[in-house]
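Visitor: Quick one: the structure is below, and I'll ask about it shortly.
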Amino acid sequence: MTRSLNRSHLLAIVITLLIVLWVLSGGAPDADSTERSLTPESTAFTVGYKTLQPESKAHSVRISAHVAANRTVDVVAEVSGKVTEIRKSRGSQVNKGDLILKIDQRDLPERLKQAQAQLKRRQLETESTRNLFKRDLTNQSAVVLAESELAEAEAALTAIRLDLEATEIRAPFDGIYDQRYVEAGEYVSPGKSLIRVIDNRTMLVKGAVSENIIRSVEAGTPAYALLTDGTRIDGTLTFVASSASPETRTYPVEMKVAQPDSRLFDGQTATLYIPQGTHDAYEISPALLIVNDQGGLGLKVLDEEDRVQVVDVSILEAGTTGIWIIGPHGELRLITSGQGFVPDGTQVNAVDTGTSQKKAPADASAEETNSDKKAADQ
C-alpha cells in the first residue's frame, strides 16, 4: 500500500511540473490569433432610424370657451309700488324703449301737476323780484332768495317726472326679454330686480389662454369657434386681457360675433380657435420624446456622420396617429429604436428601419419566386 501511495505522489508531481512548464511557455499557439485593431464601426452601437420630411401644418391656438351675451342687464325698481301690468312675455325679442311692465303710479300724476304749478308761481315771483331790483325797489338778497326758491321748484318737478317715468319698465337696449323676477300685484321697493334683458344681437365667445401662449394672441385677428354640435361661428378677437386672473393665472380673451338670426345662446359650450399660420411639422410617436437637460422636450436624431444629436422640439397638436412637433427644419433622421442606449454625441451604426420595412415584402416575394423556380427546374 505504501508503494502505491508513493507512485501516486510521483505522478501528481510530474503532472504539476508539466502544467507549470506549459503556462510558462505561453500555451499552445492559436491558428487564428492574428492581431486585429478595434475600429469605431466594430464597437459602435446599432440603432434604427427613419427619415422624416417636414409637412406644412396649419396651427391654431385651441381654447375651451363658452358663449356669453354681449350685455346682460337686470333692471331694478327705482320707486315703490305694486306691479300693475305686464306687457311682454319672457323670451320675446324687444327693441330699446319697449314697455315691458308697469308699477302703480299712485299720486305721482297729481304731485306732478302741483309741482308744475309751484314752478310757474316761482318763475313769476322771480321775474317780479328782478324787475323791482332793476328799479332799486328791493335789494340783491331778495333776488337771490327768489332764484333759490325757483331752483328748488325745478328740482322738485324733475324728481317727480323721474319717479313717474320709473313706473314704466322699458327695455334698455335691443335684445331678448329673458327673465322676470316679479308677478302682477307684487309690491316692490327700490333696488328690487324686476326683469333681465340680454343683448343677443351681438354675442361673445369667452375663454382664457395660458401665459405660455399669451404672446401669440392679439386683438383684432380673425378667429372662429366650434359648438358641441359642430356648428362653426366666425368672428374677430376683440379683447385680450393684459393681466392674469388671480385664481387661474390665465388671461381672458373674447371673440365678438354678430348674429342677426339669433343662432347662439348665452352659456353654450364652445371651443375657440385662434389661427397661428402654418409651421413645418413632423408627426411622430409620443414615446420617442425625451426630456432634455433644460427640462424641455427633445428628440434623438442622427447627423450626416451617424452621430446622435438631441434637438429641442415643441408639441404643436395631437394627430390621428401620433403628435405633431415643431422645432427642427428640413429632413430629419429620427432614431426609432435603441435611443435609450446612446447618449448625445455617440457614434452609432445606423440602420434605416423605414426603408427596410418598405422593401421587406418585395424581398420576400423575390425569394419565394426564386424557390419556386428552383423547384420547377428540379
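The values are calculated or read from the model by the stated rules, or taken from the named source; none is laboratory data. It should be emphasised that the depicted structure is a prediction, and the values quoted were computed from it without experimental measurement. FYI the Cβ positions are ideal-geometry reconstructions off the backbone, even for glycines, and counts take in every protein chain you see. The area values use the complete protein model at the heavy-atom level, side chains included, leaving out ligands, DNA and RNA. Shrake-Rupley method; radii C 1.70, N 1.55, O 1.52, S 1.80 Å.
Visitor: Of the residues Gln276, Gln294, which single one is polar (S, T, N, Q), at pLDDT below 90, open to solvent by 40 Å² or more (accessible area, probe 1.4 Å) and touching a Ser or Thr at 6+ places or on another chain (Cβ under 7 Å)?
Guide: Gln276
Visitor: Looking at Val47, Val61, Val83 in this structure, which one is assigned to a strand (DSSP E or B), more than 35 Å from the chain's Cα centre (by Cα), of a type in the set (Val, Ile, Thr) and under 30 Å from Gly319 (Cα atoms)? Quick ask: steps written out before the conclusion?
Guide: Values: Val61 fails: more than 35 Å from the chain's Cα centre (by Cα); Val83 fails: under 30 Å from Gly319 (Cα atoms).
Step by step, each of Val47, Val61, Val83 is checked, and only Val47 is assigned to a strand (DSSP E or B), more than 35 Å from the chain's Cα centre (by Cα), of a type in the set (Val, Ile, Thr) and under 30 Å from Gly319 (Cα atoms).
Visitor: Can you name every one of the strands (runs of 3 or more DSSP E) wholly within the stretch 236-347 that holds 3 or more residues which are hydroxyl-bearing (Ser, Thr, Tyr) and more than 27 Å from Val73 (Cβ to Cβ)? Explain how you work it out, then say what you get.
Guide: On the way: elements: 251-258, 269-284, 297-302, 308-318, 323-326, 332-337.
So the answer is 269-284.
Visitor: Further question: Working carefully through the options Ala44, Ala69, find the one that is farther than 30 Å from Gly327 by Cα and of a type in the set (Gly, Ala, Ser).
Guide: On the way: Ala44 fails: farther than 30 Å from Gly327 by Cα.
Within the list Ala44, Ala69, the selection yields Ala69.
Visitor: Please find, within the stretch 210-235, the residue that is farthest from Thr278 (Cα to Cα) out of those that are in a strand (DSSP E or B) and open to solvent by less than 50 Å² (accessible area, probe 1.4 Å).
Guide: So the residue we want is Leu227.
Visitor: Does Asp199 count as touching a Phe, Trp or Tyr at 6+ places or on another chain (Cβ under 8 Å), assigned to a strand (DSSP E or B), acidic (Asp, Glu) and surrounded by 16 or more Cβ atoms within 10 Å (Cβ to Cβ)? Quick ask: steps written out before the conclusion?
Guide: Details: touching a Phe, Trp or Tyr at 6+ places or on another chain (Cβ under 8 Å): yes; assigned to a strand (DSSP E or B): yes; acidic (Asp, Glu): yes; surrounded by 16 or more Cβ atoms within 10 Å (Cβ to Cβ): yes.
For Asp199, the condition - touching a Phe, Trp or Tyr at 6+ places or on another chain (Cβ under 8 Å), assigned to a strand (DSSP E or B), acidic (Asp, Glu) and surrounded by 16 or more Cβ atoms within 10 Å (Cβ to Cβ) - is met.
Visitor: Still on this structure: Return only the number of the condition from (1) open to solvent by less than 60 Å² (accessible area, probe 1.4 Å); (2) within 20 Å of Lys192 (Cα to Cα); (3) among the charged types (D, E, K, R); (4) assigned to a helix (DSSP H, G or I) that Glu165 does not satisfy.
Guide: (1)
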